[in-house]
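What follows is a single structure, written as structure tokens, with notes after it.
The values are calculated or read from the model by the stated rules, or taken from the named source; none is laboratory data. No experiment lies behind these values; they were computed from the predicted model shown. Using ideal geometry, Cβ is built from the backbone for each residue, glycine included, and neighbour counts are taken over all protein chains shown. Keep in mind that these areas ignore ligands, DNA and RNA; they rest on the heavy atoms of the full protein, side chains included. Shrake-Rupley method; radii C 1.70, N 1.55, O 1.52, S 1.80 Å.
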Amino acid sequence: MTERRLIDTVAWVRIEDGRILCARPRGKDVFYIPGGKREGAETDLQTLLREIEEELTVALLPDTVAHVGTYEAADNGLLVRMSCYTAEYHGILTASSEIDALAWFGYADRELVPPVDQLLFDDLAAAGQLG
């Protein structure tokens with residue numbers, strides 16, 4: 001059995017009106033749940049705060065951060081782990097220079113995101129949070 005390289009990420013789950021915020025990074029064709037990989041010995045919280053500020057130019061409010069689930073899926077020979085958190089924020093959601101586009105996706109858009117994100121979409125839809 002071949003071992004897959006693990007990509008360990010954190011993601012911000014922002015749902016409004018039954019749709020989830022997704023971002024398409026510069027130079028990519030796929031939308032993702034906003035977030036990213038940790039740097040060095042960062043905690044999930046530190047990574048989440050930094051990545052969302054870098055990508056969306058808003059500040060998450062640390063006291064409101066809540067874990068909603070951790071998902072794992074194979075993607076192009078890699079194993080991707082995504083720890084997902086909700087949080088309130090301060091500021092205006094704006095795509096930074098790292099992001100080409102922001103979009104609000106419903107469950108019908110599930111096929112437009114990577115396999116690990118699709119698992120989150122499934123759980124949110126089953127819980128009645130994603131239209």
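So, counting K/R as plus one and D/E as minus one, what does the shell of residues with Cβ under 12 Å around D100 add up to?
Its environment carries a net charge of 0.
Only loop residues by DSSP count here, and only those with at most 14 other Cβ atoms within 10 Å; note down the GluC sites (Glu not before Pro) in the range 39-131 that meet that.
When the GluC sites (Glu not before Pro) of the range 39-131 are filtered for loop state and at most 14 Cβ neighbours within 10 Å, E39, E88, E98 remain.
Is the shape of the chain rounded, prolate or oblate, going by the alpha carbon gyration tensor and its root eigenvalues a ≥ b ≥ c, with a/c under 1.5 for rounded and a/b larger than b/c for prolate?
Values: a/c = 1.34, a/b = 1.12, b/c = 1.20.
Judged from the Cα gyration tensor, the chain comes out rounded (a/c under 1.5).
Which percent of the accessible area of the chain is formed by carbon and sulfur heavy atoms (probe 1.4 angstrom)?
The C+S portion of the solvent-accessible surface of the chain is 50 percent.
With springs only between Cα atoms under 10 Å, which of P34, P115, P62 fluctuates most in a Gaussian network model of the chain?
Comparing P34, P115, P62 in a Gaussian network model of the chain, the most mobile one is P62.
Quick one: net charge around D8, please, counting Lys, Arg +1 and Asp, Glu -1 for every other residue with C-beta under 11 Å from its C-beta.
Working: positive: R5, K37, R38, R81; negative: E42, D44, E72.
The answer is +1.
List, in order, the whole-Hz ³J(HN,Hα) value for each residue of the range 97-106 obtained from phi through the Karplus relation with A = 6.51, B = -1.76, C = 1.60 and θ = phi - 60°; use x for Gly and Pro.
For the range 97-106, the Karplus-derived couplings read 5, 7, 10, 7, 7, 10, 8, 9, 10, x Hz, x marking Gly and Pro.
Leaving out ligands and nucleic acids, and using a 1.4 Å probe, what accessible area per residue does the chain come to in Å²?
Numbers: 7150 Å² over 131 residues.
With all protein chains present, the chain gives 55 Å² per residue.
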